[in-house]
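Each reported figure results from applying straightforward, stated rules to the coordinates on display, with no laboratory input. All of these numbers come straight from a predicted model, not from anything done at the bench. Note that each Cβ is placed from the backbone with ideal geometry, even for glycine, and that neighbours are counted across all protein chains shown.
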Amino acid sequence: MRALRALVHLGKFRRNVRAVLALTGRRVCVPVKAGAYGHGAPEMARAALEAGASCLAVALACEGAELREAGIDAPVLLLSQCLPCEIPDIIRYRLCPLVSDRDFALELARAAETASVRLPVHLKIDTGMGRLGCSPEEAPGLALRIAGLSSLELAGTATHLAVSDSAAERDRAYTKEQLARFSLALAGIREAGVDPGIVHAANSGGVVLHPESWFDMVRPGIFLYGYDMTGTAGKGSAAAPEPVMELRSRIVFIRKLKKGESVSYGRIWSAPRDTVIAVIPAGYADGIPRLLGERAWEVSIRGRRYPLAGRICMDQCMVDLGPGAGIPRWEEVSIFGGDAPGAGELAARVGTIPYEITCHISGRVPRVYVD
């Protein structure tokens, strides 16, 4: 195993899932798309189900196939729109797609009829995200159409919230508008004589800030992986999530630098005094943002913080240990998580979100599962 590895704490992940179950009292759908936000889809899927999750969610048919081929038999929602050529895999791997329009519903129905199966689908309603989904006004008619297709089963109805993680009054009001549109569409579906199935809307922000969005099931994403984007789940409280991923490496080389000597590409960093530089085999090809070397990021070694020196390289970065630090070669380094600041702080430093940090940890970085 290489020096750089991502430690994934399964116990913390299961704790986060159970916290959502206890808070909402609803079914929990766990998104494991994008390799479970970079944590490893099959492993996190198993941990989610062990913790009491009712179903899983992916973005791509091939992601659903990966779960099935790993022996995972739980219901799997397909959240994104796939191509018609992917429909055979939806049926083969028993995935449950979200349906936004009549044409795709008919494509699914024809393929399911040919395969002699009854395919469960969820109706997607766009209430203000402006992405996938039918309009609320179209929802009753589309639900009626799906219910009339013998090879399809309307197993659920969903929407997605655009600003539910914001506590700003304007954004809270917009979320309430979305939920009002969704409730009106649900009423229309029921008035048309159709059972909407499992109703779900709440993402991570909805779980934390909008109990009225919980309906029959919630599908928090980043919250389960350890980050509260609302900033309102009190640290240390039962509702506060625990970060699941920690990135660690080791010092592979140590060199002395004289005052004024530079480090890395562009020579943007020069030693302010005689110092010791440690080389860490971790770079932007591993998912560490290149900008981090210019944003005063500190790693942790033996519980003490040390700043990065110079630009992040493709495969390496450098740390200023200072004069007389006494840190030996091969010593372990926490880049984020553990004794170092977390991925949320790292994301804020480079102007992004923790989703992007964990998703971008490269496949060449081994995942080590800690329980």
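Take the alpha carbon atoms of segment 250-291, find their center, do the same for segment 166-206, and report the distance between the two centers in whole angstrom.
Result: 51 Å between the Cα centres.
How would Glu177, Glu191 line up from fewest to most surrounding beta-carbon atoms within 10 angstrom?
Glu191, Glu177
Measure off 7 Å from each Cα along the Cα-to-Cβ vector at Arg329 and Glu113, then give the distance between these two points in nanometres to one decimal.
Each label point is offset 7 Å from its Cα along the Cβ direction, giving 7.1 nm.
Just grab the label-to-label distance for Ser80 and Leu291, each label 7 Å out from Cα along the Cβ direction, in nm (one decimal).
Using points 7 Å along Cα→Cβ, the separation is 2.3 nm.
Using the alpha-carbon atoms, what tilt in degrees (0 to 90, nearest 10) does helix 10-24 show relative to the longest principal axis of the chain?
The answer is roughly 40 degrees.
Measure nothing fancy, just the Cα-based angle from helix 169-191's long axis to the longest principal axis of the chain, in degrees from 0 to 90, nearest 10.
Compared with the principal axis, the helix lies near 30 degrees.
What does a probe at Asp216 reach in segment 114-133, counting residues whose amide N is under 16 Å from the point 7 Å along Cα→Cβ?
Answer for segment 114-133: 119-125.
At 25 °C and a viscosity of 0.890 mPa s, what translational diffusion coefficient does Stokes-Einstein give for segment 297-371, taking Rh as the Kirkwood radius over Cα pairs? Give it in µm²/s as a whole number.
178 µm²/s
Counting only Cα, what are the radius of gyration and maximum Cα-Cα distance Dmax of the chain, in Å?
23.7, 79
Provide Lys259, Lys12 in ascending order of the number of other Cβ atoms located within 10 Å of each residue's Cβ, fewest first.
Neighbour counts put them in this order, fewest first: Lys259, Lys12.
Say we join alpha carbon atoms closer than 10 Å with springs in a Gaussian network model of the chain; which of Arg118, Arg273, Arg349 then has the biggest fluctuation?
Checking each option, the largest mean-square fluctuation is seen for Arg273.
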